[in-house]
Amino acid sequence: MVFEKIQNDGFEQIIYCNDSKVGLKAIIALHSTVLGPATGGCRMWNYANEGEALFDVLRLSQGMTYKASLAGLDWGGGKAVILGDPRGIKAPGLLERFGEYVDRFGGVYITAKDVGIGAEDLRRVKTKTPHVLGIEGDQNSSGDPSPATAWGVYHGLQACAKFAFQTDSLKGIKIALQGLGSVSYYLLEYLIAEGADVIGCDINSEMVDRAVKKYGIQITSAEEIYDVPCDIFSPSALGSSINASSLSRLKTKVIAGAANNQLATEKEGREIFERGMIYAPDYAINAGGLINIYYEDPARGGYTRQRAFDHVSHIRKTIWDILERSKVEKQPTHVIANRMAEERIRMAV
Ligand code: NAD
(Lines give C-alpha, C1' and ligand atoms only; values in the text may rest on other atoms or scores of the structure.)
Protein backbone atom coordinates (compact mmCIF):
# COMPACT_ATOMS: atom_id res chain seq x y z
CA MET A 1 0.00 0.00 0.00
CA VAL A 2 2.66 2.52 1.00
CA PHE A 3 4.83 1.79 -2.04
CA GLU A 4 1.81 2.13 -4.30
CA LYS A 5 1.02 5.55 -2.84
CA ILE A 6 4.59 6.85 -2.98
CA GLN A 7 5.05 5.58 -6.52
CA ASN A 8 1.81 7.14 -7.78
CA ASP A 9 2.54 10.53 -6.27
CA GLY A 10 6.28 10.47 -6.97
CA PHE A 11 7.67 10.61 -3.43
CA GLU A 12 11.45 10.26 -3.23
CA GLN A 13 12.04 9.08 0.32
CA ILE A 14 10.28 8.50 3.61
CA ILE A 15 12.10 7.72 6.81
CA TYR A 16 10.72 6.54 10.12
CA CYS A 17 12.70 7.84 13.09
CA ASN A 18 12.51 5.91 16.34
CA ASP A 19 14.33 6.33 19.66
CA SER A 20 12.59 4.67 22.57
CA LYS A 21 15.01 6.20 25.12
CA VAL A 22 13.70 9.72 24.47
CA GLY A 23 10.27 8.62 23.19
CA LEU A 24 10.78 9.87 19.66
CA LYS A 25 8.53 8.60 16.91
CA ALA A 26 8.70 10.72 13.79
CA ILE A 27 8.27 10.46 10.03
CA ILE A 28 10.17 12.60 7.57
CA ALA A 29 8.90 12.63 3.98
CA LEU A 30 10.83 14.06 1.06
CA HIS A 31 8.42 14.46 -1.79
CA SER A 32 10.75 16.12 -4.28
CA THR A 33 14.28 17.49 -4.38
CA VAL A 34 14.25 18.25 -8.11
CA LEU A 35 14.26 22.04 -7.70
CA GLY A 36 16.37 22.10 -4.52
CA PRO A 37 16.37 20.89 -0.91
CA ALA A 38 13.05 19.48 0.27
CA THR A 39 11.80 22.14 2.66
CA GLY A 40 8.86 22.08 5.03
CA GLY A 41 8.07 22.43 8.68
CA CYS A 42 7.90 19.89 11.45
CA ARG A 43 4.45 19.28 12.94
CA MET A 44 3.89 17.65 16.34
CA TRP A 45 0.45 16.15 16.79
CA ASN A 46 -1.36 13.54 18.81
CA TYR A 47 -2.32 11.39 15.84
CA ALA A 48 -4.93 8.70 16.44
CA ASN A 49 -2.65 6.15 14.78
CA GLU A 50 0.45 5.80 12.61
CA GLY A 51 -1.57 5.62 9.40
CA GLU A 52 -3.01 9.06 10.09
CA ALA A 53 0.48 10.46 10.72
CA LEU A 54 1.77 8.98 7.47
CA PHE A 55 -1.19 10.32 5.52
CA ASP A 56 -0.60 13.80 6.96
CA VAL A 57 3.14 13.93 6.28
CA LEU A 58 2.70 12.70 2.70
CA ARG A 59 -0.07 15.19 1.94
CA LEU A 60 1.81 18.09 3.49
CA SER A 61 5.18 17.35 1.87
CA GLN A 62 3.60 17.04 -1.58
CA GLY A 63 1.84 20.36 -1.00
CA MET A 64 5.20 21.97 -0.20
CA THR A 65 6.62 20.82 -3.55
CA TYR A 66 3.80 22.50 -5.43
CA LYS A 67 3.89 25.65 -3.35
CA ALA A 68 7.65 26.16 -3.69
CA SER A 69 7.58 25.41 -7.40
CA LEU A 70 4.80 27.84 -8.19
CA ALA A 71 6.44 30.53 -6.06
CA GLY A 72 9.56 30.23 -8.23
CA LEU A 73 11.76 28.97 -5.39
CA ASP A 74 14.72 26.64 -5.89
CA TRP A 75 13.30 24.40 -3.20
CA GLY A 76 11.56 21.06 -3.25
CA GLY A 77 8.95 19.80 -0.83
CA GLY A 78 9.32 17.92 2.42
CA LYS A 79 7.71 17.71 5.82
CA ALA A 80 8.17 16.01 9.17
CA VAL A 81 5.70 14.88 11.78
CA ILE A 82 6.48 13.95 15.37
CA LEU A 83 3.87 11.68 16.94
CA GLY A 84 2.94 12.85 20.43
CA ASP A 85 1.31 15.47 22.59
CA PRO A 86 2.64 18.91 21.63
CA ARG A 87 1.37 20.63 24.79
CA GLY A 88 3.72 21.54 27.59
CA ILE A 89 7.46 20.99 27.67
CA LYS A 90 8.66 18.29 25.29
CA ALA A 91 10.66 15.40 26.79
CA PRO A 92 14.39 16.02 27.31
CA GLY A 93 16.38 14.87 24.30
CA LEU A 94 13.35 14.46 22.03
CA LEU A 95 13.86 17.46 19.78
CA GLU A 96 17.65 17.10 19.87
CA ARG A 97 17.31 13.51 18.64
CA PHE A 98 14.95 14.69 15.91
CA GLY A 99 17.63 17.24 14.96
CA GLU A 100 20.16 14.42 14.57
CA TYR A 101 17.84 12.67 12.13
CA VAL A 102 17.37 15.89 10.16
CA ASP A 103 21.13 16.32 10.08
CA ARG A 104 21.60 12.91 8.47
CA PHE A 105 20.09 14.35 5.30
CA GLY A 106 23.04 16.76 5.10
CA GLY A 107 20.84 19.68 3.98
CA VAL A 108 18.69 17.77 1.50
CA TYR A 109 15.85 18.28 3.99
CA ILE A 110 15.39 21.67 5.68
CA THR A 111 13.00 21.86 8.61
CA ALA A 112 11.01 24.73 10.09
CA LYS A 113 8.03 25.46 12.32
CA ASP A 114 4.56 24.00 11.98
CA VAL A 115 1.62 23.23 14.27
CA GLY A 116 2.77 22.12 17.73
CA ILE A 117 6.37 23.28 17.31
CA GLY A 118 7.49 26.67 18.61
CA ALA A 119 10.61 28.79 18.27
CA GLU A 120 12.06 27.34 21.49
CA ASP A 121 11.55 23.80 20.19
CA LEU A 122 13.33 24.67 16.96
CA ARG A 123 16.26 26.09 18.91
CA ARG A 124 16.67 22.65 20.48
CA VAL A 125 16.56 21.00 17.04
CA LYS A 126 19.20 23.46 15.87
CA THR A 127 21.67 22.33 18.54
CA LYS A 128 22.11 19.19 16.37
CA THR A 129 21.73 20.49 12.82
CA PRO A 130 22.18 23.76 10.94
CA HIS A 131 19.35 22.81 8.55
CA VAL A 132 16.63 24.69 10.39
CA LEU A 133 15.01 27.94 9.24
CA GLY A 134 12.41 30.33 10.60
CA ILE A 135 13.33 30.61 14.27
CA GLU A 136 11.59 33.83 15.20
CA GLY A 137 13.71 36.14 17.32
CA ASP A 138 17.06 34.68 16.25
CA GLN A 139 19.74 36.60 14.39
CA ASN A 140 19.16 36.64 10.62
CA SER A 141 15.61 35.40 11.17
CA SER A 142 12.90 36.51 8.77
CA GLY A 143 10.56 36.86 11.76
CA ASP A 144 6.77 36.57 11.80
CA PRO A 145 5.68 35.34 8.32
CA SER A 146 2.25 37.05 8.51
CA PRO A 147 3.29 40.47 7.07
CA ALA A 148 4.87 38.76 4.04
CA THR A 149 1.82 36.53 3.58
CA ALA A 150 -0.42 39.61 3.72
CA TRP A 151 1.75 41.41 1.16
CA GLY A 152 1.37 38.45 -1.19
CA VAL A 153 -2.38 38.17 -0.67
CA TYR A 154 -2.72 41.90 -1.38
CA HIS A 155 -0.94 41.45 -4.73
CA GLY A 156 -3.07 38.41 -5.50
CA LEU A 157 -6.24 40.39 -4.77
CA GLN A 158 -5.06 43.11 -7.14
CA ALA A 159 -4.59 40.55 -9.91
CA CYS A 160 -8.07 39.14 -9.28
CA ALA A 161 -9.65 42.61 -9.30
CA LYS A 162 -7.93 43.48 -12.57
CA PHE A 163 -9.06 40.22 -14.14
CA ALA A 164 -12.63 40.30 -12.88
CA PHE A 165 -13.42 44.02 -12.82
CA GLN A 166 -10.74 45.52 -15.11
CA THR A 167 -9.51 47.82 -12.37
CA ASP A 168 -5.96 48.58 -11.31
CA SER A 169 -7.04 49.53 -7.82
CA LEU A 170 -9.05 47.98 -5.01
CA LYS A 171 -10.76 51.33 -4.43
CA GLY A 172 -14.46 50.75 -3.86
CA ILE A 173 -14.11 46.97 -4.19
CA LYS A 174 -16.27 45.27 -1.56
CA ILE A 175 -14.30 42.61 0.30
CA ALA A 176 -15.78 40.17 2.84
CA LEU A 177 -12.90 39.11 5.07
CA GLN A 178 -13.45 35.88 6.99
CA GLY A 179 -11.10 35.87 10.00
CA LEU A 180 -9.34 38.92 11.44
CA GLY A 181 -6.19 37.24 12.80
CA SER A 182 -2.51 37.87 12.08
CA VAL A 183 -2.54 37.90 8.28
CA SER A 184 -5.77 39.90 8.03
CA TYR A 185 -4.47 42.50 10.45
CA TYR A 186 -1.55 43.29 8.13
CA LEU A 187 -3.65 42.91 4.99
CA LEU A 188 -6.20 45.45 6.24
CA GLU A 189 -3.54 48.15 6.23
CA TYR A 190 -3.12 47.80 2.44
CA LEU A 191 -6.83 47.37 1.75
CA ILE A 192 -7.93 50.40 3.74
CA ALA A 193 -5.11 52.59 2.36
CA GLU A 194 -6.32 51.76 -1.14
CA GLY A 195 -9.96 52.53 -0.36
CA ALA A 196 -11.42 49.01 -0.39
CA ASP A 197 -14.81 48.61 1.28
CA VAL A 198 -14.20 45.87 3.86
CA ILE A 199 -16.64 43.92 5.99
CA GLY A 200 -15.08 41.37 8.33
CA CYS A 201 -15.88 38.76 10.95
CA ASP A 202 -14.12 36.70 13.58
CA ILE A 203 -15.28 34.28 16.25
CA ASN A 204 -12.82 35.95 18.63
CA SER A 205 -14.19 39.30 19.85
CA GLU A 206 -10.69 40.58 20.67
CA MET A 207 -9.74 40.27 16.99
CA VAL A 208 -12.94 42.06 15.98
CA ASP A 209 -12.31 44.91 18.43
CA ARG A 210 -8.72 45.28 17.26
CA ALA A 211 -9.72 45.56 13.58
CA VAL A 212 -12.59 47.97 14.27
CA LYS A 213 -10.45 50.19 16.48
CA LYS A 214 -7.57 50.47 14.03
CA TYR A 215 -9.37 50.37 10.67
CA GLY A 216 -13.02 51.15 11.41
CA ILE A 217 -14.26 48.29 9.21
CA GLN A 218 -17.84 47.01 9.21
CA ILE A 219 -18.46 43.76 11.06
CA THR A 220 -20.86 40.90 10.54
CA SER A 221 -21.23 37.57 12.31
CA ALA A 222 -19.14 34.51 11.44
CA GLU A 223 -22.30 32.82 10.24
CA GLU A 224 -23.62 35.69 8.09
CA ILE A 225 -20.36 36.46 6.27
CA TYR A 226 -21.33 33.91 3.58
CA ASP A 227 -24.48 35.86 2.71
CA VAL A 228 -22.84 39.26 2.28
CA PRO A 229 -23.05 40.48 -1.33
CA CYS A 230 -19.46 41.37 -2.24
CA ASP A 231 -16.91 41.51 -5.06
CA ILE A 232 -14.30 39.40 -3.26
CA PHE A 233 -14.87 36.80 -0.59
CA SER A 234 -11.58 36.37 1.28
CA PRO A 235 -11.15 33.26 3.47
CA SER A 236 -8.54 34.00 6.12
CA ALA A 237 -9.53 31.70 8.97
CA LEU A 238 -9.53 27.91 8.85
CA GLY A 239 -9.56 25.41 5.97
CA SER A 240 -12.56 23.99 4.08
CA SER A 241 -14.60 27.19 4.35
CA ILE A 242 -15.58 26.74 0.67
CA ASN A 243 -17.83 23.71 0.85
CA ALA A 244 -21.10 22.66 -0.77
CA SER A 245 -23.18 24.55 1.75
CA SER A 246 -21.18 27.81 1.86
CA LEU A 247 -20.68 27.92 -1.92
CA SER A 248 -24.42 27.90 -2.53
CA ARG A 249 -24.74 31.01 -0.36
CA LEU A 250 -21.84 33.11 -1.64
CA LYS A 251 -22.76 36.20 -3.63
CA THR A 252 -19.34 37.08 -4.99
CA LYS A 253 -17.40 37.07 -8.24
CA VAL A 254 -14.02 36.28 -6.66
CA ILE A 255 -12.77 33.97 -3.90
CA ALA A 256 -9.24 34.87 -2.83
CA GLY A 257 -7.60 34.85 0.59
CA ALA A 258 -4.86 33.62 2.88
CA ALA A 259 -6.37 30.46 4.37
CA ASN A 260 -4.84 27.06 3.63
CA ASN A 261 -6.93 24.29 2.04
CA GLN A 262 -9.89 26.56 1.28
CA LEU A 263 -11.72 24.07 -0.94
CA ALA A 264 -13.36 21.26 1.00
CA THR A 265 -12.99 19.05 -2.07
CA GLU A 266 -11.93 19.39 -5.72
CA LYS A 267 -15.62 19.43 -6.61
CA GLU A 268 -16.00 22.94 -5.22
CA GLY A 269 -13.10 24.12 -7.41
CA ARG A 270 -14.88 22.82 -10.48
CA GLU A 271 -18.20 24.31 -9.45
CA ILE A 272 -16.64 27.74 -8.90
CA PHE A 273 -15.30 27.57 -12.45
CA GLU A 274 -18.58 26.39 -13.93
CA ARG A 275 -20.44 29.22 -12.23
CA GLY A 276 -18.09 31.76 -13.86
CA MET A 277 -16.53 32.78 -10.55
CA ILE A 278 -12.81 33.26 -10.00
CA TYR A 279 -10.78 31.38 -7.41
CA ALA A 280 -7.17 32.27 -6.57
CA PRO A 281 -5.61 28.91 -5.59
CA ASP A 282 -4.73 29.11 -1.89
CA TYR A 283 -1.19 27.83 -2.07
CA ALA A 284 -0.37 30.32 -4.85
CA ILE A 285 -1.77 33.43 -3.17
CA ASN A 286 -0.58 32.62 0.38
CA ALA A 287 3.04 31.75 -0.51
CA GLY A 288 4.44 35.02 0.90
CA GLY A 289 5.48 33.47 4.21
CA LEU A 290 7.37 30.68 2.49
CA ILE A 291 9.08 33.10 0.10
CA ASN A 292 10.09 35.22 3.09
CA ILE A 293 11.75 32.30 4.83
CA TYR A 294 13.49 31.29 1.57
CA TYR A 295 15.64 34.42 1.85
CA GLU A 296 16.77 33.29 5.26
CA ASP A 297 18.50 30.30 3.71
CA PRO A 298 22.29 30.93 3.90
CA ALA A 299 22.37 29.79 0.24
CA ARG A 300 20.65 33.13 -0.61
CA GLY A 301 23.30 35.18 1.18
CA GLY A 302 21.37 36.25 4.29
CA TYR A 303 17.91 37.68 4.87
CA THR A 304 16.91 41.10 3.67
CA ARG A 305 13.28 42.16 3.85
CA GLN A 306 13.56 44.14 0.63
CA ARG A 307 14.58 41.16 -1.50
CA ALA A 308 12.03 38.90 0.15
CA PHE A 309 9.13 41.33 -0.27
CA ASP A 310 10.13 42.09 -3.90
CA HIS A 311 9.86 38.40 -4.65
CA VAL A 312 6.55 38.13 -2.78
CA SER A 313 5.06 40.84 -4.99
CA HIS A 314 5.50 38.47 -7.98
CA ILE A 315 2.43 36.67 -6.63
CA ARG A 316 0.43 39.23 -8.58
CA LYS A 317 1.82 37.88 -11.88
CA THR A 318 1.52 34.25 -10.76
CA ILE A 319 -2.18 34.69 -9.99
CA TRP A 320 -2.72 36.62 -13.22
CA ASP A 321 -1.05 33.83 -15.26
CA ILE A 322 -3.21 31.19 -13.56
CA LEU A 323 -6.40 33.14 -14.30
CA GLU A 324 -5.45 33.69 -17.93
CA ARG A 325 -4.57 30.05 -18.51
CA SER A 326 -7.74 28.94 -16.79
CA LYS A 327 -9.72 31.05 -19.26
CA VAL A 328 -7.79 29.87 -22.33
CA GLU A 329 -7.66 26.18 -21.39
CA LYS A 330 -11.18 26.19 -19.92
CA GLN A 331 -10.05 24.46 -16.75
CA PRO A 332 -10.55 25.41 -13.08
CA THR A 333 -7.76 27.49 -11.57
CA HIS A 334 -6.72 24.85 -9.02
CA VAL A 335 -6.09 22.42 -11.88
CA ILE A 336 -4.06 25.03 -13.78
CA ALA A 337 -1.98 25.92 -10.70
CA ASN A 338 -1.01 22.26 -10.20
CA ARG A 339 -0.18 21.98 -13.88
CA MET A 340 2.09 25.04 -13.75
CA ALA A 341 3.89 23.74 -10.67
CA GLU A 342 4.40 20.32 -12.30
CA GLU A 343 5.65 21.84 -15.56
CA ARG A 344 8.43 23.74 -13.81
CA ILE A 345 9.55 20.56 -12.08
CA ARG A 346 9.42 18.54 -15.31
CA MET A 347 11.54 21.11 -17.10
CA ALA A 348 14.16 20.92 -14.36
CA VAL A 349 14.55 17.14 -14.53
P1 NAD B 1 -4.69 33.37 12.99
O2 NAD B 1 -4.91 32.19 13.84
O3 NAD B 1 -3.87 34.50 13.49
O4 NAD B 1 -6.09 33.99 12.51
C5 NAD B 1 -7.18 33.22 12.15
C6 NAD B 1 -8.41 33.90 12.72
O7 NAD B 1 -9.58 33.23 12.25
C8 NAD B 1 -8.48 33.85 14.26
O9 NAD B 1 -8.58 35.17 14.75
C10 NAD B 1 -9.73 33.02 14.54
O11 NAD B 1 -10.43 33.45 15.69
C12 NAD B 1 -10.54 33.23 13.29
N13 NAD B 1 -11.54 32.21 13.00
C14 NAD B 1 -11.46 30.87 13.19
N15 NAD B 1 -12.58 30.26 12.76
C16 NAD B 1 -13.38 31.25 12.28
C17 NAD B 1 -14.65 31.27 11.67
N18 NAD B 1 -15.36 30.15 11.48
N19 NAD B 1 -15.17 32.45 11.29
C20 NAD B 1 -14.47 33.60 11.46
N21 NAD B 1 -13.24 33.65 12.03
C22 NAD B 1 -12.71 32.49 12.43
O23 NAD B 1 -4.08 32.80 11.62
P24 NAD B 1 -3.31 33.61 10.49
O25 NAD B 1 -1.85 33.44 10.74
O26 NAD B 1 -3.89 34.95 10.31
O27 NAD B 1 -3.65 32.69 9.24
C28 NAD B 1 -4.92 32.75 8.62
C29 NAD B 1 -5.02 31.64 7.60
O30 NAD B 1 -3.98 31.77 6.64
C31 NAD B 1 -4.85 30.22 8.18
O32 NAD B 1 -5.63 29.33 7.41
C33 NAD B 1 -3.37 29.93 7.93
O34 NAD B 1 -3.13 28.53 7.84
C35 NAD B 1 -3.17 30.60 6.59
N36 NAD B 1 -1.79 30.99 6.33
C37 NAD B 1 -1.13 31.80 7.18
C38 NAD B 1 0.19 32.16 6.91
C39 NAD B 1 0.93 33.08 7.83
O40 NAD B 1 1.98 33.59 7.42
N41 NAD B 1 0.45 33.35 9.03
C42 NAD B 1 0.83 31.67 5.77
C43 NAD B 1 0.12 30.85 4.89
C44 NAD B 1 -1.19 30.51 5.18
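The protection proxy used here, the mean number of other Cβ atoms lying within 10 Å of each residue, ranks peptides 82-92, 64-74 as follows, highest first: 64-74, 82-92. The accessible-area ordering, largest first, of the residues TRP320, TRP75 stands as TRP320, TRP75, per a 1.4 angstrom probe. Between ALA91 and GLU274, the contour length at 0.36 nm per residue exceeds the alpha carbon distance by 60.7 nm. With 0.36 nm allotted per residue and the present C-alpha distance subtracted, the THR220-ALA299 stretch has 23.9 nm of extension available. Computed with a 1.4 Å probe over protein heavy atoms only, the accessible surface of the chain comes to 45 Å² per residue. The alpha carbon centroids of the stretch 284-349 and the stretch 180-258 are separated by 24 Å.
A Förster radius of 51 Å combined with the Cβ-Cβ distance from GLN331 to LYS21 puts the calculated FRET efficiency at roughly 0.45. Summarising the overall dimensions of the stretch 68-146 from its C-alpha atoms, the Rg and Dmax are 12.9, 39 angstrom. The Cα trace of the chain gives Rg and Dmax of 20.2, 62 Å, the first to one decimal, the second as a whole number. Report, in deg cm²/dmol and to the nearest 500, the calculated mean residue ellipticity at 222 nm for the chain, where each DSSP H run with n ≥ 4 adds -39500 (n - 2.57) and the sum is divided by the residue count. After summing the helix terms and dividing by residue count, I get -13500 deg cm²/dmol. Would you mind telling me the share, in percent, of accessible area of the stretch 198-349 contributed by carbon and sulfur at probe 1.4 angstrom? Here carbon and sulfur together make up 53 percent of the probe-accessible area. Take every pair of alpha-carbon atoms less than 8 Å apart whose residues are at least six positions apart; their mean separation over the length of the chain yields a relative contact order of 16 percent. Protein heavy-atom surface of the stretch 1-159, 1.4 angstrom probe: 53% of the accessible area is carbon and sulfur, with nucleic acids and ligands not counted. Checking the Cα-Cα distances for LYS171/LYS267; LYS67/LYS162; LYS171/LYS214; LYS171/LYS330; LYS171/LYS253 against a 21 Å cut-off, the pairs over it are LYS171/LYS267; LYS67/LYS162; LYS171/LYS330. Rolling a 1.4 Å probe across all protein chains gives GLU266 an accessible area of roughly 120 Å².
The values are calculated or read from the model by the stated rules, or taken from the named source; none is laboratory data. Since the structure is predicted, the reported quantities are computational estimates derived from the model, not experimental observations. In this analysis, Cβ positions are derived from the backbone assuming ideal geometry, glycine residues included, and neighbour counts consider all displayed protein chains. Only protein heavy atoms, including side chains, enter the accessible area calculation; ligands, DNA and RNA are left aside. Shrake-Rupley method; radii C 1.70, N 1.55, O 1.52, S 1.80 Å.
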